[in-house]
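Since the structure comes first, as structure tokens, the remarks are kept for the end.
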Amino acid sequence: MKYKLVIFDWQGTLTDVVGQFCKQFCHVASSLGLPMINNDKLNPLLHLDICTLVQTLFPEPENHTKRMRMVECFTNYRMHHGHDVCLYDGVQFLLERLNRHDIFIGIATAASQQTITTELACTGLSPLIDAYKTPDHTLCKPAPDMLNELMDELGVNKSETVMVGDSRCDFEAAQHANIDFIGIHMANNALVSDIVESSNCVAKDISSLVTLLN
């Protein structure tokens with residue numbers, strides 16, 4: 001394998017934030033006896049605030065009381081289940097594979113140190129991560145500080161390092177650090193074009209990321 005260090009973004013790259021929201025929303029709705037909904041119906045509405053979202057999905061007059069209860073229960077549920085992390089399919093396999101090949105695994109995230117520590121523990125991934133950087137440690141992306149500090153800490157050169165992320169901040173951080181970049185779970189076509197034009201790569205999902213890293 002070309003790289004000795006793979007630095008991942010966390011939220012949106014290894015963890016499916018949208019999937020987590022949908023799973024929690026559907027769980028609370030089901031517990032209140034509201035009609036079943038699927039992610040295909042829920043996903044296009046996630047830009048709405050919670051009150052408008054509930055009103056849009058359950059407009060029937062007979063659901064008025066349950067709608068009011070849904071907003072309260074969902075807000076409370078999210079508060080107490082914030083670390084019910086939803087990993088993308090294949091993440092565990094990918095990290096275990098990198099670990100078996102003695103590839104360092106780093107995380108550069110905008111999440112707080114407390115959040116990443118808790119979520120890594122909840123997912124059981126802590127033993128696979130060699131180091132991580134958060135805004136509690138240093139400047140956040142798109143500044144290159146997180147990436148540079150991970151390379152220094154793990155003793156790996158820029159030419160042996162790649163950043164994997166899902167946002168422009170991740171891409172720009174890699175550019176500023178002068179390391180390779182692989183985009184994943186890209187929803188922004190303009191960003192995809194910029195990544196490809198810079199001679200970097202884009203992976204559709206974790207499975208194709210495994211192929212690219214090989």
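For region 17-80, the dipole from Cβ point charges (+1 on Lys and Arg, -1 on Asp and Glu) about the Cα centre works out to 140 debye, to the nearest 20.
Estimated from the Cβ-Cβ distance and a Förster radius of 35 angstrom, the FRET efficiency linking residue 48 and residue 169 is about 0.90. Computed over the chain with a Gaussian network model linking Cα atoms closer than 10 Å, the most mobile of 81, 47, 101 is 47. Could you identify which residue out of 128, 57, 95 has the top mean-square fluctuation in a GNM of the chain using Cα springs shorter than 10 Å? Judging by the Gaussian network model, the answer is 57. Net charge around residue 160, counting only other residues with Cβ within less than 15 Å of its Cβ (Lys, Arg = +1; Asp, Glu = -1)? That works out to -2. Counted by Cβ distance under 15 Å from residue 117, the other residues give a net charge of -2, where Lys and Arg count +1 and Asp and Glu count -1. Taking a point 7 Å from the Cα of residue 198 along the Cα-to-Cβ direction, the residues of region 140-163 with backbone N closer than 20 Å to it are 140-152, 157-163. Each part gets one Cα centre, and for region 88-117 versus region 1-37 those centres are 16 Å apart. Cross-link partners for residue 23 among the lysines, with Cα-Cα distance under 19 Å and sequence neighbours closer than 8 places in the same chain left out: 41, 66. Divided by 2.2 N^0.38 Å, where N counts the residues, the Cα radius of gyration of the chain comes to 1.14. Across region 17-80, the relative contact order, built from alpha-carbon pairs under 8 Å that are at least six residues apart, equals 39 percent. Extension gain for the segment residue 81 to residue 41, taken as residue separation times 0.36 nm less the Cα-Cα distance, is 12.1 nm to one decimal.
With helices as the sole contributors, the chain gives -14000 deg cm²/dmol at 222 nm; each DSSP H run of n ≥ 4 counts as -39500 (n - 2.57), and the sum is divided by every residue.
Working from label points 7 Å from Cα in the Cα-to-Cβ sense, the residue 102 to residue 159 distance is 2.0 nm. With the simple model of a label 7 Å out from the Cα in the direction of the Cβ, residue 207 to residue 176 spans 3.6 nm. Counted by Cβ distance under 13 Å from residue 210, the other residues give a net charge of 0, where Lys and Arg count +1 and Asp and Glu count -1.
Relative to a virtual label point 7 Å from the Cα of residue 62 in the Cα→beta-carbon direction, which members of region 20-48 show backbone nitrogen distances below 13 Å? Hits in region 20-48 for residue 62 at 13 Å: 34-35. Under 10 Å, Cα contacts only: if you run a Gaussian network model on the chain, which one of 56, 109, 13 comes out with the highest mean-square fluctuation? Sorting by GNM fluctuation, first place goes to 56. Stretching the chain fully between residue 18 and residue 55 yields a gain of 11.4 nm (0.36 nm per residue, less the alpha carbon separation). Straight-line cross-link reach from residue 4 at under 17 Å between alpha-carbon atoms covers these aspartates and glutamates, not counting any fewer than eight positions away in the same chain: 96, 102, 130, 149, 152, 153, 160, 180. For region 17-80, taking Cα atoms only, Rg and Dmax work out to 10.7, 31 Å respectively.
Since every read-out is calculated from the coordinates, none of them should be taken as a lab result. Quick caveat: nothing in here was measured; it's all calculated off a predicted structure. Reconstructed Cβ throughout: ideal geometry from the backbone, glycine too, with neighbour counts over all protein chains shown.
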